[in-house]
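Engineer: Mind looking over this structure? Questions follow.
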Amino acid sequence: MPSPPLIAVVEDGPELLADLLEFLQLRGFAASGFDSAEAFFKAWPDTRFDLLLLDVALPGVSGLEVARRVRAAESQTGVVMLTALDASDEQVQGLDAGADVYLSKRSSLEVIEASCRSMLRRLGRAGSLPVAAPMEAGPDADARLFAAACAHIDAQLGDPQLTVEAVAQALHCSRTRLYQVFAERKLSVAGYARDQRLARSRVLLGDARLGIGEIALHCGYGDLPAFSKAFKRRFGMAPGEWRAARVGAR
């Protein structure tokens with residue numbers, strides 16, 4: 001039986017990186033994650049990837065430069081680029097750098113997967129493309145598992161070490177089944193935990209007695225910059241700005 005295609009996901013956003021890896025692995029791909037071009041180059045070319053899923057705006061060496069270097073060295077690696085922007089000139093730059101497919105980060109995980117599959121078929125890897133594993137249990141059992149997983153995550157939001165493995169172990173189920181139960185509801189485990197942490201942080205920001213650093217810890221963020229970045233990405237303003245606007249509106 002052929003081994004599944006190996007995909008390198010190069011994305012500096014920890015939340016999106018976790019979501020992409022979780023989803024691709026659930027769908028049967030072998031996926032490795034890198035948070036920078038430098039980290040990727042430590043693995044490549046010793047590890048030969050079938051496809052790269054690249055963030056255009058990486059810190060340091062950009063995704064465009066990664067695509068150029070990989071394309072100059074080999075032609076049988078597919079390149080799918082992700083961007084937060086829709087600017088046509090940036091898309092042209094990406095395609096000129098060697099990208100085969102150019103997608104917005106607003107694309108659904110299913111669209112990203114479909115693009116990866118299409119690219120791998122063009123590269124002659126259709127025979128090794130994985131088929132998503134079937135659900136391991138009926139809908140009632142899955143609904144109970146989903147509710148139990150959400151309850152466990154909600155109770156552990158303050159733990160920065162909360163992982164899919166820890167949740168699966170606590171519920172005595174496999175990671176694969178846990179992934180499937182969330183994916184059936186168009187969710188990911190990491191995404192649910194992130195959303196709940198940010199929702200809790202907004203509630204806590206309404207209490208002026210709590211410092212923002214303290215709130216970050218309560219919500220499972222190991223450091224204030226990571227919390228501020230995640231909060232601003234979701235709500236469009238920093239935690240302090242959100243608190244000031246809320247207080248001013250009272």
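The values are calculated or read from the model by the stated rules, or taken from the named source; none is laboratory data. Bear in mind that the values here come from a model prediction, so they are computed numbers and not experimental data. No Cβ is skipped: glycine too gets one built from the backbone with ideal geometry, and neighbour counts run over all protein chains shown.
Engineer: Does Phe41 meet the test of being hydrophobic (A, V, I, L, M, F, W, C) and more than 21 Å from Leu123 (Cβ to Cβ)?
Structural biologist: yes
Engineer: Test of understanding: among Arg117, Arg121, which residue is more than 28 Å from Arg185 (Cβ to Cβ), surrounded by fewer than 20 Cβ atoms within 10 Å (Cβ to Cβ), at pLDDT 75 or above and not polar (S, T, N, Q)?
Structural biologist: Arg121
Engineer: In this structure, is Leu145 farther than 21 Å from Gly13 by Cβ, crowded, with 19+ Cβ neighbours inside 10 Å, over 20 Å from the mean Cα position of the chain (by Cα) and at pLDDT below 90?
Structural biologist: yes
Engineer: Additional query: Could you grab me the full set of residues in segment 205-216 that are surrounded by fewer than 17 Cβ atoms within 10 Å (Cβ to Cβ) and modelled with pLDDT of 90 or more?
Structural biologist: Gly211, Gly213, Glu214
Engineer: Would you call Ser188 touching a helix residue (DSSP H, G or I) at 6+ places or on another chain (Cβ under 7 Å) and either surrounded by 13 or more Cβ atoms within 10 Å (Cβ to Cβ) or at pLDDT 90 or above (or both)?
Structural biologist: yes
Engineer: Moving to a separate point now. Just give me the residues in segment 1-29 being outside any helix (DSSP H, G or I) and over 11 Å from the mean Cα position of the chain (by Cα), in sequence order.
Structural biologist: Within segment 1-29, Met1, Pro2, Ser3, Pro4, Pro5, Leu6, Ile7, Ala8, Arg27, Gly28, Phe29 meet the criteria.
Engineer: If you don't mind, another one. Just the residues that are of a type in the set (D, E, K, R) and part of a helix (DSSP H, G or I), please, taken from segment 202-218.
Structural biologist: Correct list: Arg202, Glu214.
Quick grid of which residues meet (1) in a loop (DSSP other than H, G, I, E, B); (2) closer than 16 Å to Ala143 by Cα; (3) assigned by TED's automatic domain parsing to the domain that holds Ala147:
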position	(1), (2), (3)
Lys186	yes, yes, yes
Arg200	no, no, yes
Gly220	yes, no, yes
Arg234	no, no, yes
Met237	yes, no, yes
